[in-house]
Amino acid sequence: MAQFSVLSRRIRSAALAAPRWHSSLSAQATDVDFSTTEAKNNAIRNLTTPIPLAATLCQYPFAGKTSEITPRHYGVHMGKKPFVKALNKATFEAGRALGLSSSEIAHQIVENLKHAMGPAATSKGVDMDAVLQSFEEGLSDIMSLRKSDVYSRNALFEKLSDKVMNAQLLNKVSRKVLGNATTPKDAAAAATVQAAPGGKFGEFVPSTALDNKIKPIIEAGLEELKISTSQARNNDMSTLYAFSELYDAYNKAVASKEAFKVPPSFFKALDNAEDETRFISNVDGRVLKYDWRRVEVGNKSGISVSAQRKQWLGEAAIRNAKLIGELTKHGLSFLRFDVGGVALPEHPDVIEARKQVAADNNKYSPLCEEDSLKALAKFYTDTSNGRTFGTDEVMVLGMRAKGALPWMLDFVGNGPMFVPRPTYNPNPSAGLYHSRQVLSFDVTGPNRYWPMIQALKLHKGAGIIVLPIIGNPYSTTLTEAEEDGFIEVLKANPNMCFVADHAYRGYNKFGDLSKGGPLKDIGAAKTRDVLEKGGFYDNFPLDPQTGKLNVLRVTLHSSSKLFNDASGPGTVAGHPETIAFLGDMLRGSYTQAHARDRKVIPAIVKNLDYDAPRRWMENMQAFTKISAGKVPGFRDLGYDSPPFVCYDASEYLSKHGLNAEDAQRYFMSRSPGLCGIFGGFGPGSNNIFRLGFTGESDPARCVLAAEKFVEYVNDMEAIEKFKAKEDEGTKTFYKLLDAVQDKLV
């Protein structure tokens with residue numbers, strides 16, 4: 001390799017123009033001598049630390065305590081392209097700052113890559129010599145540009161880096177081969193922090209100052225390149241400045257003993273990482289990010305890439321129900337705890353009402369009947385936390401509740417969709433089909449919804465929250481503090497849309513309204529209506545100039561649940577301005593729900609079985625009493641209301657080497673088959689196992705299901721024979737499965 005060009009210069013870190021607060025920290029800085037090859041090597045190798053440091057710091061907003069912050073290693077660079085791209089660019093900028101030649105810079109880029117990659121650099125198919133050659137050839141032309149061609153130089157280098165990484169490196173490295181597992185000292189120090197005074201979730205105060213080793217490189221660059229600080233910050237050394245300011249912000253928090261926040265300038269150096277949420281989604285399972293927009297850009301087919309991924313379409317329970325129906329025809333029997341629908345008898349008054357409206361003149365009518373709106377308003381009032389709804393605050397949709405979100409997304413401005421995980425699958429899939437970025441947040445941990453709330457506080461601008469309350473498949477309501485957290489977000493961001501998915505509205509209530517008293521809560525499961533408590537049904541963000549609707553915030557309800565009207569039209573509640581807007585949009589698209597469906601609503605509401613949630617809850621509790629502590633590998637996620645008992649089955653799946661589909665079929669292949677749902681609850685939910693208690697409402701069947709659940713989970717011999725397809729039950733199941741496959745397409 002060519003010798004380094006001569007650069008003998010002693011730089012004192014404190015000489016860099018720094019904020020006044022930093023003076024006390026800079027006073028201990030030591031001289032930096034870049035006159036030797038070793039000094040330059042060490043300085044440039046330090047550039048592999050900021051990304052692991054940031055990957056540690058970005059966990060702060062999503063952690064409830066210090067033990068939940070994991071120091072990240074050098075290999076985190078290999079997690080996503082933006083990270084390794086930033087490392088390459090920082091190395092390129094540092095090479096120019098230290099006066100290196102094009103071949104010297106290429107060598108340093110490859111050495112930093114090797115350091116970050118660890119064992120992956122020597123894995124099969126990876127040729128680092130070829131990578132070096134590609135960088136040498138490309139940089140030779142780039143470095144020959146005039147000093148003033150800074151924009152062209154930066155753009156050309158990014159193009160070169162992307163080309164080399166995509167063609168010669170990233171697609172050659174197996175995901176099973178980890179990068180450098182060594183943790184930088186800076187990242188380790190950043191993980192040992194204290195919770196901020198006041199105990200506010202996601203706020204931490206660091207205690208140990210870190211040596212900013214990026215500043216000396218910047219100072220050298222200012223002298224070497226003869227450029228202004230402004231030009232360096234915005235162009236020639238923008239990535240180095242971003243890395244340096246990360247250290248400055250951290251040390252400021254140490255000095256002031258205030259909660260640390262990642263400076264926005266750091267995220268500007270990274271593609272698709274606008275804030276802590278997007279950054280952490282690349283390396284931490286607590287937040288997942290899905291975005292199909294880039295895939296669609298290059299799609300030349302006549303059908304969208306999203307549509308081709310039909311496994312995302314709809315909900316797993318309904319797809320699985322088709323399979324169960326076909327297998328039942330062939331004589332197999334099942335305990336049906338897979339769906340969330342209800343098995344309630346139709347009330348005689350409702351039957352008579354259906355007969356009556358069927359005989360009516362049911363021609364097209366663009367306006368909903370007043371009696372139906374009064375009944376609907378009464379339902380929302382009865383299941384509220386004390387609010388009285390008016391007829392101008394409710395409406396009947398022209399489609400099922402699950403179809404309302406895709407329809408409404410056409411009216412919602414740009415911005416990502418925020419969803420919990422696990423969740424009702426049609427919600428995130430609607431966002432993806434609508435070419436939106438979808439961010440999902442694990443709510444099964446000890447912090448529940450707080451990471452999601454924190455991400456929403458960090459987000460600036462438009463977006464949409466889709467929140468199932470009561471959760472599906474995680475059958476819980478919000479706590480009061482969580483409800484207040486979402487309200488705070490909506491009040492602080494007038495451009496944030498909100499869809500409260502109250503499909504199971506009323507499941508947390510029980511009683512007999514015919515006796516005059518209000519409904520009672522099931523345990524502590526109060527109705528958590530964010531729009532009610534936040535006052536958004538009454539006071540709504542309106543456009544300051546026109547005074548008209550500026551954002552969509554609604555509560556959806558599914559008629560197939562407590563209304564016992566499977567596939568009936570959904571209903572919605574919202575501010576009168578919102579309801580008027582949606583009414584106009586409905587008449588301009590789906591025209592209206594059928595008059596026969598609308599006219600029967602008064603009879604449905606008058607005869608709702610509000611005792612059903614109590615019975616369902618008792619069945620769930622009986623199931624839990626029998627199975628608790630007897631199903632190893634299944635972590636009960638808890639519930640506070642019907643309709644689901646939900647488990648994290650990660651340990652079980654891992655122990656037996658099963659994927660979600662295998663586990664689903666194992667339980668179904670037993671006699672009787674136990675039908676729950678494995679996976680299918682949004683991105684990253686294959687470990688979730690859900691059992692529903694409203695379809696199988698016979699207490700005896702619930703007891704049998706609990707007994708069989710315990711039996712099947714613990715039958716090690718049966719599991720192994722199922723995997724090997726040795727026992728007769730498994731052979732019969734797969735034989736029938738093969739026979740009905742053509743009907744499942």
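The values are calculated or read from the model by the stated rules, or taken from the named source; none is laboratory data. Because the structure is a prediction, the values reported are computed rather than measured. Because the Cβ atoms are built from the backbone with ideal geometry, glycine has one as well, and the counts that use them run over all protein chains shown. What goes into the accessible areas is simple: the full protein's heavy atoms, side chains included, and nothing from ligands, DNA or RNA. Shrake-Rupley method; radii C 1.70, N 1.55, O 1.52, S 1.80 Å.
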Just a yes or no: is a residue in the stretch 704-716 open to solvent by 10 Å² or more (accessible area, probe 1.4 Å), closer than 19 Å to N659 by Cα and acidic (D, E)? yes
Only one of V499, V551 is within 25 Å of D392 (Cα to Cα) and assigned to a loop (DSSP other than H, G, I, E, B). Can you tell me which? V551
Residues of the stretch 190-209 satisfying the condition of being of a type in the set (G, A, S), closer than 30 Å to G118 by Cβ and touching a Phe, Trp or Tyr at 6+ places or on another chain (Cβ under 9 Å): A190, A209
Looking at (1) touching a residue at least 24 places away in the same chain (Cβ under 8 Å); (2) outside any helix (DSSP H, G or I), which one does G629 not meet, given that it meets all the others? (1)
Restricting to the stretch 530-581, what's the tally of residues that are farther than 19 Å from K402 by Cα, modelled with pLDDT of 90 or more and of a type in the set (D, E)? 3
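Against the condition aliphatic (A, V, I, L, M), at pLDDT 90 or above, surrounded by fewer than 22 Cβ atoms within 10 Å (Cβ to Cβ) and closer than 24 Å to G638 by Cβ, how does A500 come out, does it pass?
no
Yes/no per residue for (1) in contact (Cβ under 8 Å) with a residue 60 or more places away in the chain; (2) over 30 Å from K606 (Cβ atoms); (3) in contact with a strand residue (DSSP E or B) (Cβ under 7 Å, 6 or more places away or on another chain):
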{"position": "R286", "(1), (2), (3)": "yes, yes, yes"}
{"position": "L335", "(1), (2), (3)": "yes, yes, yes"}
{"position": "V339", "(1), (2), (3)": "yes, no, yes"}
{"position": "V342", "(1), (2), (3)": "yes, no, no"}
{"position": "V357", "(1), (2), (3)": "yes, no, no"}
{"position": "A377", "(1), (2), (3)": "no, no, yes"}
{"position": "G386", "(1), (2), (3)": "no, no, no"}
{"position": "F389", "(1), (2), (3)": "yes, no, yes"}
If a residue must be open to solvent by 20 Å² or more (accessible area, probe 1.4 Å) and not in a loop (DSSP other than H, G, I, E, B), how many such residues does the stretch 523-539 contain? 2
Expected output for the stretch 420-440 (first residue within 17 Å of A500 (Cα to Cα), partner assigned to a strand (DSSP E or B) and open to solvent by 10 Å² or more (accessible area, probe 1.4 Å), Cβ below 6 Å, 6+ apart or cross-chain) is R421/D442; V438/Y290; L439/K289; S440/L288; S440/R421
Within the stretch 343-362, restricting attention to residues that are open to solvent by 80 Å² or more (accessible area, probe 1.4 Å) and either in a loop (DSSP other than H, G, I, E, B) or in contact with a Ser or Thr (Cβ under 6 Å, 6 or more places away or on another chain) (or both), which residue is nearest to Y610 (Cα to Cα)? P345
Mind listing whichever residues of the stretch 434-462 are outside any helix (DSSP H, G or I) and open to solvent by less than 10 Å² (accessible area, probe 1.4 Å)? V438, L439, S440, F441, V443, Y449
If I ask for residues that are open to solvent by less than 10 Å² (accessible area, probe 1.4 Å) and not small (G, A, S), which ones from the stretch 632-655 would you list? P642, P643, F644, V645, C646, Y647, Y652
Filter the stretch 540-552 for residues that are in contact (Cβ under 8 Å) with a residue 24 or more places away in the chain and farther than 20 Å from A503 by Cβ; which is surrounded by the fewest Cβ atoms within 10 Å (Cβ to Cβ)? K548
So how many residues does the stretch 408-433 have that are outside any strand (DSSP E or B) and open to solvent by less than 20 Å² (accessible area, probe 1.4 Å)? 14
Can you tell me which residue within the stretch 560-595, out of those that are open to solvent by 40 Å² or more (accessible area, probe 1.4 Å) and part of a loop (DSSP other than H, G, I, E, B), is nearest to P345 (Cα to Cα)? A566
Out of all the residues in the stretch 508-522, which are assigned to a loop (DSSP other than H, G, I, E, B), open to solvent by less than 60 Å² (accessible area, probe 1.4 Å) and out of contact with any strand residue (DSSP E or B) (no Cβ under 8 Å at 6 or more places or on another chain)? G517
Restricting to the stretch 660-703, what's the tally of residues that are under 25 Å from E618 (Cβ atoms), aliphatic (A, V, I, L, M) and crowded, with 22+ Cβ neighbours inside 10 Å? 4
Given the conditions (1) closer than 30 Å to K708 by Cβ; (2) surrounded by 13 or more Cβ atoms within 10 Å (Cβ to Cβ), every one holds for K329 apart from (2)
Of those in the stretch 167-202 that are of a type in the set (D, E, K, R) and modelled with pLDDT of 95 or more, the residue least open to solvent (accessible area, probe 1.4 Å) is D186
Within the stretch 642-652, identify whether any single residue is in contact (Cβ under 8 Å) with a residue 12 or more places away in the chain, within 30 Å of M399 (Cβ to Cβ), in a loop (DSSP other than H, G, I, E, B) and not hydroxyl-bearing (S, T, Y), and answer yes or no. yes
